[in-house]
Amino acid sequence: MGSGIHEWPLMFFTTIGQSVAGAFIVMAAVLLSGKLSPEMNRKVHYSMFGLWVLMGAGFLLSMMHMGTPLRAFNAFNRLGSSSLSNEIAAGSVFFAAGGFYWLLAVLNKMPAALGKLWLLVVMVLAVVFIYAIPQVYQIATVPTWHTPYTTIHFVLTALLGGPVLAALLLRIAGFDLRCISWLPLVSIIALVASAVAVTSQAFDLASIRSSVQSASALVPEFGLYMGWRLVLLVLGLACWILPLVKRANPPVIMMLAGFILVLAGEIIGRGIFYGLHMTVGMAYLS
């Protein structure tokens, strides 16, 4: 059974990276709304530090995949012509631009007008990073990856993990999540889209086979694991949504539990993705 567990550094990097990028977009939108008091604005900026801690951890994990961490710098050698180089560059620029904005903001060195423009620029960089990650795996010789499902699942990670992570950090800052009660709808739509994509992908896998193996045989427990993934995602979102239904501000502990559950669900999905690696070999039929 191919669970992809041997690729655990990439499993965490891609899942965390896209969740952070999605969360930044949400938090930046809240900051740009102009509806925060000066005190709440300061607290939200402080809580944004959690994004850069997670992003830094993600990059450290990705360097472990290089074998020797110093080899990570070689990934920039083919910038523009290599999807891997583009991904690392996009992530690095997003990390640097976002982190520098945060530092200037918490030190009160960021002019208001420039800060708004900077936030918009980093939001665009976050979108570029989210899109750049799945392009690394659009490899023609890997038919199980070279499909629209790769981009769909990776982008949906940002829409599932991002809002939950942003809500957690906003709640830590003391923000009333009832003010953005519409936000869970983004993750709910992403969850439904993910369930549809998983079902469709399961049927498509049966039609992909090489001269020596079938794609569906790579992860025979595909349906079981994806089922557990959906259960974790539903439970995670429920930790956020149920208090809102009761018109209560979700407690921090529930938001933390919700994020952990959603992250765990997406990690399972990413493990299955890496477990589906299959090269063309002598020939494949689709």
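The values are calculated or read from the model by the stated rules, or taken from the named source; none is laboratory data. Because the structure is predicted, anything quoted here is derived from the model rather than measured. Here the Cβ positions follow ideal geometry from the backbone for every residue, glycine too, while neighbour counts run over all protein chains shown. The protein model used for the area step is the full one, side chains on, heavy atoms only, and it has no ligands, DNA or RNA in it. Shrake-Rupley method; radii C 1.70, N 1.55, O 1.52, S 1.80 Å.
Accessible surface for Ser92 stands near 40 Å², nearest 10, in the context of the full protein assembly shown (1.4 Å probe). Classified by the C-alpha gyration tensor, the chain has an oblate form. Its axis ratio a/c, with a ≥ b ≥ c, is 1.5 or above, and a/b does not exceed b/c.
Relative to the present Cα-Cα distance, how much length would full extension add between Cys179 and Leu235 at 0.36 nm per residue of separation?
17.9 nm
Only protein heavy atoms count here; under a 1.4 Å probe, Arg42 has an accessible surface of about 110 Å².
When the Gaussian network model of the chain links Cα atoms closer than 10 Å, the mean-square fluctuations of Leu276, Leu120, Leu165 top out at Leu120. For the chain, the longest principal axis of the alpha carbon atoms and the long axis of helix 183-205 meet at an angle near 0°. Put Tyr46, Tyr274, Tyr225 in order of accessible area, highest first, and with a 1.4 Å probe you get Tyr46, Tyr225, Tyr274. In the chain, the portion of solvent-accessible area held by carbon and sulfur atoms comes to 72 percent [1.4 Å probe, whole percent, DNA, RNA and ligands not counted].
In the chain, the DSSP-assigned H stretches of four residues or longer account for a calculated mean residue ellipticity at 222 nm of -23500 deg cm²/dmol, using -39500 (n - 2.57) per stretch and the full residue count as denominator. When the charge dipole of the chain is built from unit charges on Cβ atoms (+1 for Lys and Arg, -1 for Asp and Glu) and taken about the Cα centre, the candidate among Val53, Val262, Leu107 whose Cα reaches farthest toward its positive end is Leu107. Between the amide H of Arg209 and those of Ala215, Leu285, distances stay under 5 Å, these residues lying 5 or more places away or on another chain, with hydrogens modeled in the peptide plane. Computing FRET efficiency as 1/(1 + (r/R0)^6) for Ala217 and Ala195, where r is the C-beta to C-beta distance and R0 is 25 Å, gives about 0.60. Nearest 10 degrees, 0 to 90: what angle lies between the long axis of helix 252-275 and the longest principal axis of the chain (Cα atoms)? Long axis of 252-275 versus the principal axis of the chain: about 20 degrees. Please give the helix 38-47 orientation as an angle from the longest Cα principal axis of the chain, in degrees from 0 to 90, rounded to the nearest 10. That helix lies at roughly 30 degrees to the long axis.
With charges only on Cβ, +1 for K and R and -1 for D and E, what is the dipole size of the chain about its Cα centre, in debye, rounded to 20?
640
Which shape class, rounded, prolate or oblate, goes with region 223-265 when its Cα gyration tensor gives a ≥ b ≥ c as root eigenvalues, a/c under 1.5 marks rounded, and past that a/b bigger than b/c marks prolate?
Oblate, because a/c is 1.5 or more while a/b does not exceed b/c.
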